[in-house]
Amino acid sequence: MDKWLLLTVFAQVVLTSVVLVVMGRRRFKAARKGEISMDAFRLMQLDTANAQVVATGRNFENQFQMPMLYMFAVVLILQQGLADMAFVLMGAFYVVLRIIHALIHTGSNQLRWRFRTFIYSCAVLWVIWLRFMWLSFF
């Protein structure tokens, strides 16, 4: 089970890397078009860029927030020898929700669906942590 659980972490790393590439391409495209001045990059004040550039940058930052709690949980679960199919399935579900969230955030950016996928992913993460806590102490 350990390797299957690690696979979900690798998937999260791939997601973060893909968002990074998309963010870079969108920023360079905006800079080439003159939508962002090169001075804006000095202090990363890119709020004047188009909505897709800003949203993709914020999604990239978001990949280092709640997903870090997921990765930390996986490290602890593996360290404690608690990896099982339930954690693998919850982890896979969590990462799929994060992928959907990233697609919405960097695409249509429909707030209702983006918020829902975010909350659902948080709920899955909380269940992972609660189960980990339960198995660790009882």
Looking for something surrounded by fewer than 15 Cβ atoms within 10 Å (Cβ to Cβ) and within 17 Å of the chain's Cα centre (by Cα) - is there at least one such residue anywhere in the range 21-41? yes
Just checking, does the range 60-81 include any residue being of a type in the set (Gly, Ala, Ser), more than 25 Å from residue 136 (Cβ to Cβ) and touching a helix residue (DSSP H, G or I) at 6+ places or on another chain (Cβ under 9 Å)?
no
Problem set entry | Filter result for residue 131 (in contact (Cβ under 8 Å) with a residue 60 or more places away in the chain, among the basic types (Lys, Arg) and surrounded by 15 or more Cβ atoms within 10 Å (Cβ to Cβ)) | no
Report whether or not residue 52 is out of contact with any Leu (no Cβ under 9 Å at 6 or more places or on another chain) and touching a residue at least 12 places away in the same chain (Cβ under 8 Å).
yes
* Asked: Out of curiosity, is residue 97 more than 24 Å from residue 24 (Cβ to Cβ) and within 13 Å of the chain's Cα centre (by Cα)?
  -> yes
Scanning the range 48-80 for residues that are outside any helix (DSSP H, G or I), surrounded by 13 or more Cβ atoms within 10 Å (Cβ to Cβ) and not small (Gly, Ala, Ser), the one modelled with the lowest pLDDT turns out to be 50
**Prompt:** Condition test on residue 98, is it charged (D, E, K, R), farther than 20 Å from residue 15 by Cα and part of a helix (DSSP H, G or I)?
**Reply:** no
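The values are calculated or read from the model by the stated rules, or taken from the named source; none is laboratory data. Just so we're clear, the structure is a prediction, and the values are computed from it rather than from any experiment. Every residue, glycine among them, receives a Cβ derived from its backbone with ideal geometry; neighbour counts consider all protein chains shown.
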